[in-house]
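First the structure, in the form of structure tokens, and then the observations on it.
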Amino acid sequence: MTPHEKAVNAINARLERLQANLVEAKDENTQRMLFEAILVTIALAEGLNDYIAKVGAYAQRRHATVKEAHTALIAQHNTLLESGRALLEQYKANPADSSLRKEIDLAQQRMESIQTTVRRGANALQRELAPGIGLIDPLAGELRRFAEADQPETLKRLIPDVIEHVRELYSAHPLPAKGLIDAADWAKVVAAEFAQVTEFYDLYARAGYQIILAFELLALALADEPPQSAEETTRRANEALVARLKSTSARLHGAQEKD
């Protein structure tokens, strides 16, 4: 079973428990916290799936760009190859012609240069894609830890790890600017907020919001038009977070009305 499949199983098991607790809850405050817990759990599962889709879309987009460049280089290589073969035939007929020998050597050098460029381009693409792809399993693992958490300290320890994943991608991925996120300040603000929370499911929901925000930030790094500044990064990530929660909430309320 893959880390993603394990995370999905943990999410489904948590949702079953939350829904059972919500049915049994009597006071309005408990019902509100449980509803928020259900909301963030569903949104998180969708957030991970969307991140995986973003990684795939980014890989396809970059592969297409590199393939286009390589196609042009290969065409140049084939032209040089045909020219080199013609020169070689001429050289066989006139081996004393040193100018032909120089032209053949030059054609070989150009072909070798193109081959090197193609190899370097393929290797560079692999290095570029590796950070985003490499985060999929760790993120699935963090989501599983979140869904299985039953102690406040587990949730508090989880968020710095998630924030670190965001920092890693923003450090390794090619972006228009540096310093788009301040991971240390983010972790400090979250720690201060969590220190004031006493109810487990309130903390659970707040932790969930932070992980959803992390998913939105990761998706932004892979967007067709990534953010250009820290302010834009924060604004777009928060807008995406609000939009996701509104959409999920509307679907939940719709399901409740049908029931």
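The values are calculated or read from the model by the stated rules, or taken from the named source; none is laboratory data. Owing to the predicted nature of the structure, the values given are computational and were not obtained by experimental measurement. When we count neighbours, we look across all protein chains shown, and the Cβ atoms used for this are built from the backbone with ideal geometry, even at glycine. Keep in mind that these areas ignore ligands, DNA and RNA; they rest on the heavy atoms of the full protein, side chains included. Shrake-Rupley method; radii C 1.70, N 1.55, O 1.52, S 1.80 Å.
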Exercise for the section: Could you give the size of the charge dipole of the chain about its Cα centre, using +1 on the Cβ of each K and R and -1 on the Cβ of each D and E, expressed in debye and rounded to the nearest 20? Expected result: 820
Exercise for the section: Just read off the accessible area of residue 161 with the full protein assembly in place, 1.4 Å probe, to the nearest 10 Å². Expected result: 60
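Percent relative contact order of segment 133-259, based on C-alpha pairs within less than 8 angstrom and at least six residues apart?
The value is 26 percent.
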Exercise for the section: Could you bin all the Cα-Cα distances of the chain into 5 Å bins starting at 0 and give me the percent of pairs in each, rounded to whole numbers? Expected result: 1, 5, 11, 13, 13, 11, 9, 7, 5, 4, 4, 4, 3, 3, 2, 2, 1, 1, 0, 0, 0
Practice task
Mind putting a number on the dipole of segment 82-200 about its Cα centre? Charges go on the C-beta only, +1 for Lys and Arg and -1 for Asp and Glu, and I need it in Debye to the nearest 20.
Solution key: 660
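If you count only protein heavy atoms with a 1.4 Å probe, what accessible area per residue comes out for the chain, rounded to a whole Å²?
Heavy-atom accessible area per residue stands at 56 Å².
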Problem - Cα centroid separation, segment 106-163 to segment 182-235 (Å) - result: 20
Completion exercise
Out of 201, 131, 37 - ranked by how far each Cα lies towards the positive end of the dipole of the chain, with unit charges on the beta-carbon of charged residues - the top one is 131
Completion exercise
Loop-resident GluC sites (Glu not before Pro) in segment 174-259 with no more than 14 other Cβ atoms inside 10 Å, DSSP not H/G/I/E/B, are 199
Exercise for the section: Any chance you could look up the accessible area of residue 55 with a 1.4 Å probe, heavy atoms only, rounded to 10 Å²? Expected result: 10
Problem - Solvent exposure, largest accessible area first (probe 1.4 Å, DNA, RNA and ligands not counted), of 33, 1 - result: 1, 33
Exercise for the section: State, as an integer percentage, the relative contact order of the chain based on alpha-carbon contacts under 8 Å between residues 6 or more apart. Expected result: 28
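As a test of the formula, what do you get for the chain when each DSSP H run with n ≥ 4 contributes -39,500 (n - 2.57) and the sum is divided by the residue count, at 222 nm and rounded to the nearest 500 deg cm²/dmol?
-31000 deg cm²/dmol
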Problem - Neighbourhood charge, 14 Å Cβ-Cβ cut-off, centred on residue 122 and excluding it, Lys, Arg +1 and Asp, Glu -1 - result: +3
Problem - Accessible surface, 1.4 Å probe, highest first, among residues 11, 52 - result: 52, 11
Practice task
Assign one of three labels to segment 116-259, namely rounded, prolate or oblate, based on the Cα gyration tensor with a ≥ b ≥ c the square roots of its eigenvalues; rounded applies when a/c is under 1.5, prolate when it is not and a/b is larger than b/c, and oblate otherwise.
Solution key: prolate
Problem - GNM flexibility winner over the chain from 26, 178, 67 (Cα, springs under 10 Å) - result: 26
Completion exercise
Descending accessible area (1.4 Å probe), largest on the left, turns 77, 63 into 63, 77
Problem - For residue 157, net neighbour charge (Lys/Arg +1, Asp/Glu -1) across residues whose Cβ lies under 12 Å away - result: -2
Fill in the blank from the handout: Expected max-MSF residue from 100, 34, 175 in the GNM of the chain (alpha carbon, under 10 Å) is 100
Practice task
Decide, for segment 21-104, between rounded, prolate and oblate: order the square roots of the alpha carbon gyration tensor eigenvalues as a ≥ b ≥ c, take rounded if a/c falls under 1.5, and otherwise choose prolate if a/b is larger than b/c, else oblate.
Solution key: prolate
